[in-house]
Amino acid sequence: MRFRASRASRQAYSRRRFRLSQSLANRLTIGFAIGFAVLTGLAVIGVARFIQQRQDFEDATARSYQSEIQARNRLSQGRNPVAARATILAQQRRRQSLRDEISNQTRDTALLVGAGLIAGLTGAALLFNGLISSMRRPLEDLVAASERLAAGDLDARVEVGGLSETASLGRAFNEMAEELQRRTGERDQLDRMKDEFVLTASHELRSPLTSVQGFAELLMMERDNLTPEQAETVEVILDNSRHLVRLLNDLLDLARSDAGQLRIEPEPTEVETLVEDAERAMRSQIEARGQTLSEKIEPGLPTVSADRDRIRQIMVNLLTNANEYCPEGAAIRVKATRVDAEVEIAVIDDGPGIPRDQLAHIFERFSRGDAGLTQRVGGTGLGLAISKSLVELHGGTIAAQSTPGEGSTFGFRLPAIGSPNPTEADRSGAQA
Amino acid sequence: MMAKILVADDSATILLLLRTRLEMEGHEVETASDGQGVLDALSAGGPQPDLLLLDAMMPRISGIDALRQLRAAGVETPALIVSAHQDKMDAGPPDDLGIGGYVSKPVDFEALFARIAELTSG
């Protein structure tokens with residue numbers, strides 16, 4: 001079946017090719033043949049006429065010389081000298097008129113051939129112009145429709161007509177646009193189904209998870225009545241249910257981001273507040289690994305436009321990465337500085353760093369550090385992708401720098417909205 | 001401070017969890033398995049609860065619908081809405097139903113206890 005189908009399509013293709021070669025190519029061939037025949041005919045006729053006229057001229061000139069020589073002989077013999085002198089004079093005049101005649105004839109022939117050439121070339125030019133203009137309109141329509149299609153107007157179609165090539169081009173374009181529209185519709189529907197599925201799944205999984213985590217917490221409250229093995233088991237249940245919750249939250253954020261429904265509620269916020277929020281959430285976890293956490297906030301920073309919960313989510317994500325990927329004893333620093341009309345908050349560590357090839361994809365989904373570390377590290381692989389979406393929703397940017405063996409810096413910038421310090425305000429006013 | 005709390009959720013295990021944790025905190029807990037149960041409990045007479053803790057999504061009458069009917073009947077009891085959704089933006093405040101706050105699942109009990117104390121202290 002497949003073979004037959006492919007043969008049928010091959011035949012259709014070769015038929016189409018045959019039709020193509022019949023129309024434009026044949027018109028051109030016929031045009032060239034006619035033009036070539038006309039021009040060749042003109043040239044042959046012109047050359048033949050020129051040769052004939054030249055021949056006649058030379059014959060007549062030779063006869064004239066002969067008559068003159070005979071007359072000169074008669075003159076030298078003294079026979080009828082008056083008549084002989086008259087003949088010599090007449091023959092000289094005749095040759096002069098023959099020369100005038102041949103030059104006129106040559107000019108006429110040249111004019112005839114030249115006029116023919118001009119007529120032939122003009123005809124050819126008109127033929128080409130006709131062919132080109134009959135192709136131009138449909139091609140212009142195709143270009144315009146392609147541009148509309150590329151700009152997202154999936155209703156763009158062209159009128160099918162004109163030469164068979166432009167007609168089949170138009171048909172092919174319309175079929176393609178039809179297919180594109182159908183597939184785009186299917187894809188949009190699939191996207192909506194996916195978003196709905198993630199929302200529903202997240203909702204349905206959350207209730208049982210609430211029970212698991214809630215009862216595990218209840219058990220932990222009775223820790224004193226548990227054996228060490230039992231307590232450890234309950235810890236495992238708690239750790240894993242928390243991890244599942246993180247994963248669910250991340251998936252939900254991503255689904256919202258894809259659907260354009262990830263929203264923030266930014267308010268004027270002090271940078272110190274944002275840094276303190278994050279440090280409060282992360283300090284014990286970082287110090288539990290024997291790592292240090294310090295901050296350096298440039299004095300007189302302007303307030304920024306920030307959704308406090310979401311910025312905490314971003315910073316907790318960056319600090320968690322530093323905490324988990326750096327060895328024990330590492331130094332983690334948070335640094336806030338002003339950069340033009342923005343404030344940059346950076347999380348800097350002196351850990352193992354990130355190889356260049358991984359750094360290039362670090363903000364992509366499920367992009368994670370090297371496999372050996374990943375086994376130990378409990379992230380979801382979604383945190384940086386979500387952080388990037390969130391920073392961009394704030395109108396900011398996020399970037400990563402790293403030197404393997406020396407450490408990594410993850411910095412994001414938020415737009416500054418005001419300045420608590422008048423000199424700072426003056427400076428930003430002067431810059432603007 | 002001890003409060004009388006009416007908890008409604010269609011999941012028996014969640015009800016058990018909420019009841020256990022709230023009772024451990026010293027609160028008095030009454031339960032309902034859907035919105036109708038909430039309406040029945042409040043119209044039965046007897047001592048009224050100090051606080052309602054309602055699941056947003058329940059079969060038949062949801063927590064939101066039950067609260068809407070109660071508010072229409074002039075019941076001003078403070079209410080907290082429990083939602084499986086991650087944050088309040090999904091549930092969306094439907095009207096001004098005097099909702100005292102949203103509790104997302106899984107429940108952060110420390111935050112819940114703090115909010116209950118705020119709502120029942122006055």
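List, by residue number, every residue in the stretch A:164-209 with a reduction of 10 Å² or greater in accessible area between the chain on its own and the complete protein assembly, 1.4 Å probe. Hits at the 10 Å² cut-off: A:L199, A:H203, A:R206, A:S207. Remark on the stretch A:101-172: Rg and Dmax equal 22.5, 75 Å (Cα only).
Each of B:E25, A:E68 has its accessible area taken with a 1.4 Å probe; listed largest first, they run B:E25, A:E68. Each label point was placed 7 Å from the Cα along the Cα-to-Cβ direction; for A:T184 and A:N240 their separation is 4.6 nm.
Once both axes come from the Cα atoms, what is the angle between helix A:228-258 and the longest principal axis of chain A, in degrees from 0 to 90, rounded to 10? Compared with the principal axis, the helix lies near 30 degrees.
Short-range pairs are left out: with C-alpha atoms under 8 Å and at least six residues apart, the relative contact order of the stretch A:179-284 is 32 percent. With bins 10 Å wide beginning at 0, the percent of Cα pairs of the stretch A:315-364 falling in each bin runs 23, 46, 29, 3.
Considering all projection directions equally, how large on average is the shadow of the alpha-carbon convex hull of the stretch A:127-248, in square nanometres? List each step's numbers first, then the result.
Details: hull surface 45.9 nm².
Approximately 11.5 nm², given one-decimal rounding.
The accessible area of A:T337, taken with all protein chains in place and a 1.4 Å probe, comes to roughly 40 Å². Taking the DSSP bridge list for the stretch A:204-356 and keeping only pairs wholly inside it, about 65 percent are antiparallel.
If contacts are Cα pairs under 8 angstrom and at least 6 residues apart, what is the relative contact order of the stretch A:306-355 in percent?
Here the relative contact order equals 34 percent.
Taken over the stretch A:273-416, the ratio of Cα radius of gyration to 2.2 N^0.38 Å equals 0.98. Counting only residues at least eight positions apart within a chain, or on another chain, the lysines with an alpha carbon under 29 Å from that of A:K388 are A:K194, A:K296, A:K335, B:K88, B:K105. Taking the alpha carbon gyration tensor of chain A, multiplying each eigenvalue by 5 and rooting it gives semi-axes of 97, 32, 21 Å, largest first.
Over all projection directions, the Cα-based convex hull of chain B averages an area of 6.9 nm². Rolled with a 1.4 Å probe across the full set of protein chains, the surface gives B:E23 an accessible area near 80 Å². If you wrap the Cα atoms of the stretch A:254-338 in a convex hull and average its projected area over all directions, you get 6.3 nm².
The values are calculated or read from the model by the stated rules, or taken from the named source; none is laboratory data. Everything numeric in this text was worked out from a predicted model, so none of it was measured. With ideal geometry, Cβ positions are generated from the backbone for all residues, glycine too; neighbour counts draw on all protein chains shown. When the accessible area is computed, the model is the full protein with side chains, heavy atoms only, and any ligands, DNA or RNA have been set aside. Shrake-Rupley method; radii C 1.70, N 1.55, O 1.52, S 1.80 Å.
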